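Here is the structure we will look at, set down as structure tokens.
Nothing in this text is a laboratory measurement; each read-out follows from the coordinates by a stated rule. Bear in mind that the values here come from a model prediction, so they are computed numbers and not experimental data. Here the Cβ is made from the backbone with ideal geometry for all residues, glycine too, and neighbour counts use every protein chain on show.
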Amino acid sequence: MKTKLTLFAAAVVALSFTACKKNKEDGPRLVFKFQFDSTQARLNNVGQPSVIPAGNAAQTPMFNLLSGHYIELAPTAFTALGTGEVIYHAPEVNVSGGMFNTAIDHNKCTPVGNGQTFFSIPISEVNAGTYEWLRVSLAYQNYDIKYAFDNPLNPGQTLTATGTVASFIGYNTYIENYTIKNQSIAVNGPKLQGYWGFETTVFNTPFTTTGQAPPGAITVPNPLFNSSPIPAGSCVVTAAFTQPLVITGNETQDKVVTVSISINRSFEWKEEVEDGLYQPDAGEVPVDMGVRGMIPSWQ
């Protein structure tokens, strides 16, 4: 994850794509739905089982929303990024300054909940073929986490509560404003991968804070790192279909792809107090908010 973010920015510009190729909405569709799985294997960047580093701790969040901004069907493990069947590429904007020239337009992303459709396209607009792999670039997450804090009314007493995290895990995102849970945060500019906002309510008083995970910290599993690498700094998660997706062009019914996302201990932080509790008031901050694997299946 150490390569400059400009690599992915260049790649996505080259892959510019309009979702509605033919403006044809009739007939069977290829439908994509997210599923959030807390028990699915916890993987690292190269698709291998991952352990939590010493000095860190992690928890499985309660996912509310997730959005994707790029979908590609790859025939083989050697299909380079962008040379497969790119069926969706969400709007992006040009930005200046920093290490990047483009950004995901957050205002035009549509986050969805568990089991909901995040994209569909007429099958007639998808090239016939057999596709063994799926690539989905993720952009935005919203979930609830548990945290601990020192009771300001009784110092020394540790209380626990629930807060909401909005995290931006795409390669770069242009944000005008966003709502974490109830509170709106104005940004009006681009943010690097790993920007986050946190909201909670303590003694009936809302509290918000924002931060930035370290560069290269967001986990993006890609088991094809040798045969078809993904530029570091992106969030193009790659996985094999449980059985190859076959598009004949003669379909008479919808084909529904369930994209199961591993959220197994996906919220990770550096501990200042080694007790396994996330404690923001002790200086503990998130270091990884990436997803921990993907299993696509279809029917």
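Spin-label model, Gln48/Leu153: points 7 Å from Cα along the beta carbon direction are separated by 5.1 nm. Taking 0.36 nm per residue of separation and subtracting the Cα-Cα distance, full extension of the segment from Ala80 to Asp144 would add 19.5 nm. Each Cα pair under 8 Å and six or more residues apart adds its sequence gap; the mean of these over the residue count of the chain is a relative contact order of 28 percent. In this label model, Thr110 and Gln212 are separated by 3.2 nm, measuring between points 7 Å along each Cα→Cβ vector. Length available on full extension from Ser184 to Gln59: 0.36 nm per residue minus the Cα-Cα distance, which gives 42.5 nm.
Summing Lys and Arg as +1 and Asp and Glu as -1 over all other residues whose Cβ lies under 14 Å from the Cβ of Glu132 gives a net charge of -1.
Applying the criteria of a DSSP loop state and at most 10 other Cβ atoms within 10 Å to the chymotrypsin sites (Phe, Trp or Tyr not before Pro) of the stretch 195-245 yields Phe203.
Calculated [222 nm] ellipticity per residue, helices only, for the chain: -1000 deg cm²/dmol; basis is -39500 (n - 2.57) per DSSP H run with n ≥ 4, divided by all residues, nearest 500.
Positive end of the dipole of the chain (Cβ unit charges, origin at the Cα centre): among Ala41, Leu153, Gly82, the Cα lying farthest that way belongs to Gly82. Sequentially through the stretch 118-127, phi angles give Karplus couplings (6.51, -1.76, 1.60; θ = phi - 60°) of 9, 6, 8, 8, x, 4, 4, 9, 9, 5 Hz, Gly and Pro residues having no value and appearing as x.
Restricting the GluC sites (Glu not before Pro) of the stretch 209-272 to loop positions (DSSP other than H, G, I, E, B) with no more than 16 neighbouring Cβ atoms within 10 Å leaves Glu272. For the options Ile71, Ile87, Ile185, a Gaussian network treatment of the chain with springs between C-alpha atoms closer than 10 Å singles out Ile185 as fluctuating the most.
Summing +1 for each Lys or Arg and -1 for each Asp or Glu among the other residues whose beta-carbon sits under 12 angstrom from that of Val257 gives +2. Summarising the strand pairing of the chain, around 90 percent of its internal DSSP beta bridges are antiparallel.
A Förster radius of 45 Å combined with the Cβ-Cβ distance from Ala161 to Asn250 puts the calculated FRET efficiency at roughly 0.25. Each Lys and Arg Cβ is given +1 and each Asp and Glu Cβ -1; about its Cα centre, the stretch 78-195 then shows a dipole of about 240 debye.
Treating each Cα of the stretch 76-140 as one equal point scatterer and applying the Debye formula with no solvent, the log10 of I(q)/I(0) at q = 0.14, 0.19, 0.25 Å⁻¹ comes out as -0.61, -1.00, -1.24.
Under the classification rounded if a/c is under 1.5, otherwise prolate if a/b is larger than b/c and oblate if not, where does the chain fall, given a ≥ b ≥ c as square roots of the Cα gyration tensor eigenvalues? Note, shape of the chain comes out prolate.
With R₀ set to 45 Å, the beta-carbon distance separating Val202 from Asp26 gives a calculated FRET efficiency near 0.25.
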